[in-house]
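> I have a structure I would like to understand better, so I am pasting it below and will then ask my questions one at a time.
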There are 2 protein chains.
Amino acid sequence: MIAEGMKAMVNGSSAIRAMFEEGKKLAEKYGAENVYDFSLGNPNVPAPEAVKEAICSIARDEDPLMVHGYMNNSGYEDVRGAIADHLNGLYGTDYAAKNITMTVGAAGGMNVFFKALLNPGDEVITFSPFFVEYRSYVGNYGGKLVEVPAVEGTFAPDAEALKAAVTEKTRAVILNSPNNPTGAVYSAADLEAIAAALREKEEEYGAPIYIFSDEPYREIAYDGVEVPWVPSFYDDTVVGYSYSKSLSLPGERIGYLVLPNKMEGFEEFASAVNIATRVLGFVNAPSLMQRVVARCLDEKTDVEFYDGNRKLLTEALGAYGYTFTEPKGAFYLWLKTPESDEAAFVNKAKEKHLLLVSGKGFGLAGWVRIAYCVSRQTVENALPAFKELAEEYGLLK
Amino acid sequence: MIAEGMKAMVNGSSAIRAMFEEGKKLAEKYGAENVYDFSLGNPNVPAPEAVKEAICSIARDEDPLMVHGYMNNSGYEDVRGAIADHLNGLYGTDYAAKNITMTVGAAGGMNVFFKALLNPGDEVITFSPFFVEYRSYVGNYGGKLVEVPAVEGTFAPDAEALKAAVTEKTRAVILNSPNNPTGAVYSAADLEAIAAALREKEEEYGAPIYIFSDEPYREIAYDGVEVPWVPSFYDDTVVGYSYSKSLSLPGERIGYLVLPNKMEGFEEFASAVNIATRVLGFVNAPSLMQRVVARCLDEKTDVEFYDGNRKLLTEALGAYGYTFTEPKGAFYLWLKTPESDEAAFVNKAKEKHLLLVSGKGFGLAGWVRIAYCVSRQTVENALPAFKELAEEYGLLK
């Protein structure tokens, strides 16, 4: 009955979501405190108090016809202006409301941009491993996702490999730093190399190649690591942002796109993303939440908390003999599976109530993702299970 | 630079939205009270007080990790259960949480369903005139929208014409009652005729043909007119609902799909719409608003208010000599243009600061839509302009 393209998805579904649902079932059976669910990027740090206050104050004191009504499909003019000003303060840019489109989360924003950009058969490159859903977001519009392996170990982007993968069909490159699932943060030097490679290819093919910089983890970086602003390295950059992690509002679906004036075809794209927002059925980003985030631009999530989890995990897993990538940002730990059969490792972990997501879906088998945006207690309680597993694999010396 | 498929849209854009933007400009120039903007279905009745209270109470008293966090992509189990129970109370059905999928408005729900259903080249039938965006919602997934004229004048659905339009490629029929833009409400007899026609065609082709019943105006009907529950006439029915009009929350993008057990392929579709919600980038319906609507299921919008506008307009426009369809539901008046050049009429109306939307985009030239979900004062102030226009056209005897 269902569409051909959906059949494989219904059978395969998302490994992440399947694990999340499984985790809920295990939690019902054994008690939530006895299940160590590292499957989903669902922040454990609550939204800042200011969010709560903004929600109540706007709902109580502002005109409900304005707060809950339709606005321009790209979002409230004042909200977009406030976000532009905020970015200008951070990055020395000169954005205005017209450069900002409010979106139904970063996922909505990416769909809107690819709807605006892609013709069937066009190619979009990303470094693997990568966020599972990119395949769908590109495929929804007939595009083809081309995977270029990041440097195994550090998972830094490989500009030479990227350059080699560009063809005349390449319309965009998705960057995601801080990275899901590896925790890598791309340095200024990385970005310069990528920009140089793409400029060369733009010239060769006489057509723009856009960077889509997917930045839901922009503020989550550790040890003072800098997260550079991608548009200052490369003009043809569109930024996708979400408040899911920075304000712990993943369920609210609120984010934005930045389309800088300098990008090739700015005016046309600004119209196209406005229209794509409408015709894809998003219509506009949720209205109350638009107004809430505009009041909370200076709020910060508790990066220290995630850093505590990170240190606890990396120290313990290191001591147990596991191989993994030291995360510099985001809240994921990317762990090498101690046996080549990744599914077997995920299952053994699950027997110990450790819920991890297989790397295969992210485009790199032999690894698993541990989402450590969980409570401290979950990390602490999980450590003995990780230790037992290490013992069974003979990792612990 | 932009996608081929977007170019025509960027040039044409939506007539409704263009008029909405134009209205804002005119209002800046002449003052909002001197512009009579009947362009957009943006309710003028504020959200009920209970919505405000629910927003504050949930934000203040419930666990922010739950309220703003990820949940199953189909929505919170308890919210879905509460909506199922509510429908069971209204329609004597036996729905449970699994029959309800929370969506980013009705527009999101329709996109999700067509993503789940359509293969490229499939056909979806609707009665014209119809809500402009159906063309995109079907076209997004490679489907073709087939227009069957409703009975001109009453704009009741024509079951015989529908039957004649069904081909082996027909996968679905979109019904929209109370109707945008005509205000027609389909009777039980209408629905029985449609159901009989479709059952015959299902048998002939040996494949299901689904009704997608788009019902954002379900509660807005006048003079005691009944709005029948479509799934009780035809098993292969999916209902799309939105709180945009019933709770005046159009900007919040909150609605749901009903997939009844009896529909052919229920289990498969329930999975497919769950996955489509994720892969299209909606991810889930906005979380706080899911919880808010579950607390406001018994709230009603002020239908009396819209009815007041309706009576004022229909009495006056009738007296001025205009020809129009008496609206039985929704908040649109569908008016025959007094000259065949519809664009010329829309422009003459605009010169008098009357913003109307041309019928062509709805699939029926020679008519315009008047969205009377505006303030009473706007209707009152607009009447002299309608009268002048009638005089210029020699309608007023």
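The values are calculated or read from the model by the stated rules, or taken from the named source; none is laboratory data. All of these numbers come straight from a predicted model, not from anything done at the bench. Positions of Cβ are backbone-derived with ideal geometry, glycine not excepted, and every protein chain shown enters the neighbour counts.
> Which residue out of A:4, A:22, A:62 is farther than 24 Å from residue A:300 by Cα, more than 7 Å from chain B (Cβ to nearest Cβ) and modelled with pLDDT under 95?
A:22
> Going by the conditions given, is residue B:149 buried (at least 24 other Cβ atoms within 10 Å of the Cβ) and in the same structural domain as residue B:281 (by TED's automatic domain parsing)?
No, not satisfied.
> Do we find that residue B:99 is under 30 Å from residue A:120 (Cβ atoms) and either outside the structural domain of residue B:353 (by TED's automatic domain parsing) or at pLDDT 95 or above (or both) in this structure?
Criteria not met by residue B:99.
Table: residues versus (1) outside the structural domain of residue A:106 (by TED's automatic domain parsing); (2) under 19 Å from the mean Cα position of the chain (by Cα); (3) surrounded by fewer than 24 Cβ atoms within 10 Å (Cβ to Cβ).
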| position | (1), (2), (3) |
| --- | --- |
| A:248 | no, yes, no |
| A:251 | no, yes, no |
| A:254 | no, yes, no |
| A:261 | no, no, yes |
| A:271 | no, no, yes |
| A:287 | no, no, no |
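> From the residues in segment B:211-230 that are of a type outside the set (A, V, I, L, M, F, W, C), more than 14 Å from chain A (Cβ to nearest Cβ) and in contact with a helix residue (DSSP H, G or I) (Cβ under 8 Å, 6 or more places away or on another chain), which one is nearest to residue B:116 (Cα to Cα)? Can you show your working first?
Step one: filter segment B:211-230 for residues of a type outside the set (A, V, I, L, M, F, W, C), giving B:213-219, B:222-224, B:226, B:228.
From what's left, more than 14 Å from chain A (Cβ to nearest Cβ): B:213, B:215, B:217-219, B:222-224, B:226, B:228.
Still in the list and also in contact with a helix residue (DSSP H, G or I) (Cβ under 8 Å, 6 or more places away or on another chain): B:213, B:215, B:217-219, B:222, B:226, B:228.
Working: B:213: 16, B:215: 19, B:217: 24, B:218: 24, B:219: 28, B:222: 35, B:226: 31, B:228: 26 Å.
This residue is B:213.
One line per residue, one yes/no per condition, for (1) outside any strand (DSSP E or B); (2) surrounded by fewer than 17 Cβ atoms within 10 Å (Cβ to Cβ); (3) not assigned by TED's automatic domain parsing to the domain that holds residue B:277:
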site: B:108; (1), (2), (3): yes, no, no
site: B:111; (1), (2), (3): yes, no, no
site: B:145; (1), (2), (3): no, no, no
site: B:153; (1), (2), (3): yes, yes, no
site: B:162; (1), (2), (3): yes, no, no
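> Among the candidates A:40, A:26, A:87, single out the residue that is within 26 Å of residue A:349 (Cβ to Cβ) and touching a Phe, Trp or Tyr at 6+ places or on another chain (Cβ under 6 Å). Explain how you work it out, then say what you get.
On the way: A:26 fails: touching a Phe, Trp or Tyr at 6+ places or on another chain (Cβ under 6 Å); A:87 fails: within 26 Å of residue A:349 (Cβ to Cβ).
The unique qualifying residue is A:40.
> Related question: From the list A:184, A:172, A:197, pick out the single residue that is among the aliphatic types (A, V, I, L, M), in a loop (DSSP other than H, G, I, E, B) and buried (at least 20 other Cβ atoms within 10 Å of the Cβ). Step through it out loud before you land on a result.
Numbers: A:172 fails: in a loop (DSSP other than H, G, I, E, B); A:197 fails: in a loop (DSSP other than H, G, I, E, B).
After applying the criteria, what remains is A:184.
> Which of (1) outside any helix (DSSP H, G or I); (2) within 14 Å of another protein chain (Cβ to nearest Cβ); (3) touching a strand residue (DSSP E or B) at 6+ places or on another chain (Cβ under 8 Å) is the odd one out, the single condition residue B:281 does not satisfy?
(3)
> Test each condition in (1) part of a loop (DSSP other than H, G, I, E, B); (2) buried (at least 22 other Cβ atoms within 10 Å of the Cβ); (3) not polar (S, T, N, Q) for residue A:211 and report the one that comes out false.
It is condition (1) that residue A:211 fails.
> Need a quick list: helices (runs of 4 or more DSSP H) entirely within segment B:297-397 having at least 3 residues that are among the acidic types (Asp, Glu).
Helices (runs of 4 or more DSSP H) meeting the threshold: B:303-319, B:376-392.
> Among the residues of segment A:124-133, are any out of contact with any strand residue (DSSP E or B) (no Cβ under 8 Å at 6 or more places or on another chain) and aromatic (Phe, Trp, Tyr)?
no
> In segment B:16-41, how many are closer than 22 Å to residue B:216 by Cβ and either in a loop (DSSP other than H, G, I, E, B) or of a type in the set (Val, Ile, Thr) (or both)?
Adding up the residues that qualify gives 5.
> What about residue B:186, is it free of Cβ contacts under 8 Å to residues at least 60 places away in the same chain, among the hydroxyl-bearing types (Ser, Thr, Tyr) and over 15 Å from residue B:158 (Cα atoms)?
On the way: free of Cβ contacts under 8 Å to residues at least 60 places away in the same chain: yes; among the hydroxyl-bearing types (Ser, Thr, Tyr): yes; over 15 Å from residue B:158 (Cα atoms): no.
So residue B:186 does not fit the description; no.
> Among the residues of segment B:89-100, is any of a type in the set (Val, Ile, Thr) and facing chain A (nearest Cβ under 8 Å)?
No, the conditions are met nowhere in segment B:89-100.
> Taking the condition surrounded by fewer than 24 Cβ atoms within 10 Å (Cβ to Cβ), closer than 23 Å to residue A:281 by Cβ, under 19 Å from the mean Cα position of the chain (by Cα) and within 7 Å of chain A (Cβ to nearest Cβ), does residue B:140 pass?
Spelling it out, residue B:140 is indeed surrounded by fewer than 24 Cβ atoms within 10 Å (Cβ to Cβ), closer than 23 Å to residue A:281 by Cβ, under 19 Å from the mean Cα position of the chain (by Cα) and within 7 Å of chain A (Cβ to nearest Cβ).
> Also, quick follow-up: If we scan segment A:301-312, do we find a residue that is over 30 Å from residue A:38 (Cβ atoms) and at pLDDT 95 or above? Can you show your working first?
Step one: of segment A:301-312, the residues over 30 Å from residue A:38 (Cβ atoms) are none.
Checked against the condition, which is being over 30 Å from residue A:38 (Cβ atoms) and at pLDDT 95 or above, segment A:301-312 yields no hits at all.
> Restricting to segment B:84-106, what's the tally of residues that are β-branched (Val, Ile, Thr) and either over 23 Å from residue B:278 (Cα atoms) or surrounded by fewer than 24 Cβ atoms within 10 Å (Cβ to Cβ) (or both)?
Taking segment B:84-106 as the starting set, the residues that turn out to be β-branched (Val, Ile, Thr) are B:93, B:100-101, B:103-104.
Narrowing the set further to residues that are either over 23 Å from residue B:278 (Cα atoms) or surrounded by fewer than 24 Cβ atoms within 10 Å (Cβ to Cβ) (or both) leaves B:93.
Counting residues in segment B:84-106 that are β-branched (Val, Ile, Thr) and either over 23 Å from residue B:278 (Cα atoms) or surrounded by fewer than 24 Cβ atoms within 10 Å (Cβ to Cβ) (or both) gives 1.
> Output yes when any residue across segment B:68-84 is in contact with a Phe, Trp or Tyr (Cβ under 8 Å, 6 or more places away or on another chain) and without any contact (Cβ under 8 Å) to a residue 40 or more places away in the chain, and no when none is.
Yes, there is a match, as at least one residue in segment B:68-84 is in contact with a Phe, Trp or Tyr (Cβ under 8 Å, 6 or more places away or on another chain) and without any contact (Cβ under 8 Å) to a residue 40 or more places away in the chain.
> Would you say residue A:121 is on the phi < 0 side of the Ramachandran plot, touching a residue at least 24 places away in the same chain (Cβ under 8 Å), assigned by TED's automatic domain parsing to the domain that holds residue A:73 and touching a strand residue (DSSP E or B) at 6+ places or on another chain (Cβ under 9 Å)?
On the way: on the phi < 0 side of the Ramachandran plot: no; touching a residue at least 24 places away in the same chain (Cβ under 8 Å): yes; assigned by TED's automatic domain parsing to the domain that holds residue A:73: yes; touching a strand residue (DSSP E or B) at 6+ places or on another chain (Cβ under 9 Å): yes.
Against the criterion (on the phi < 0 side of the Ramachandran plot, touching a residue at least 24 places away in the same chain (Cβ under 8 Å), assigned by TED's automatic domain parsing to the domain that holds residue A:73 and touching a strand residue (DSSP E or B) at 6+ places or on another chain (Cβ under 9 Å)), residue A:121 does not qualify.
> Same structure again: Does residue A:209 satisfy being touching a strand residue (DSSP E or B) at 6+ places or on another chain (Cβ under 8 Å) and farther than 16 Å from residue A:178 by Cβ?
Yes: the conditions hold for residue A:209.
> Filtering segment A:42-79 down to residues that are outside any helix (DSSP H, G or I) and over 25 Å from the mean Cα position of the chain (by Cα), which residue is surrounded by the most Cβ atoms within 10 Å (Cβ to Cβ)?
My answer is A:68.
> Take the residues of segment B:115-135 that are assigned to a loop (DSSP other than H, G, I, E, B) and of a type in the set (Phe, Trp, Tyr): which is nearest to the other protein chains (Cβ to nearest Cβ)? Give the derivation first.
Restricting attention to segment B:115-135, the residues satisfying the condition of being assigned to a loop (DSSP other than H, G, I, E, B) are B:118-122, B:129-133.
The next check asks that each one be of a type in the set (Phe, Trp, Tyr); those that pass are B:130-131.
Working: B:130: 15, B:131: 12 Å.
Across segment B:115-135, the extreme among qualifying residues is B:131.
> Let me ask something else. Go over the candidates A:39, A:74, A:57 one by one and state the one that is among the polar types (S, T, N, Q), more than 10 Å from chain B (Cβ to nearest Cβ) and either farther than 19 Å from residue A:385 by Cβ or in contact with an Asp or Glu (Cβ under 7 Å, 6 or more places away or on another chain) (or both).
From the options A:39, A:74, A:57, the qualifying one is A:74.
> Another question, then. Among the residues that make up segment B:120-132, is at least one of them surrounded by fewer than 16 Cβ atoms within 10 Å (Cβ to Cβ) and either out of contact with any Pro (no Cβ under 8 Å at 6 or more places or on another chain) or modelled with pLDDT under 95 (or both)? Please lay out each step first, then the result.
Residues of segment B:120-132 surrounded by fewer than 16 Cβ atoms within 10 Å (Cβ to Cβ): B:120-121.
Retained after the next criterion (residues that are either out of contact with any Pro (no Cβ under 8 Å at 6 or more places or on another chain) or modelled with pLDDT under 95 (or both)): B:120-121.
Yes, the conditions are met somewhere in segment B:120-132.
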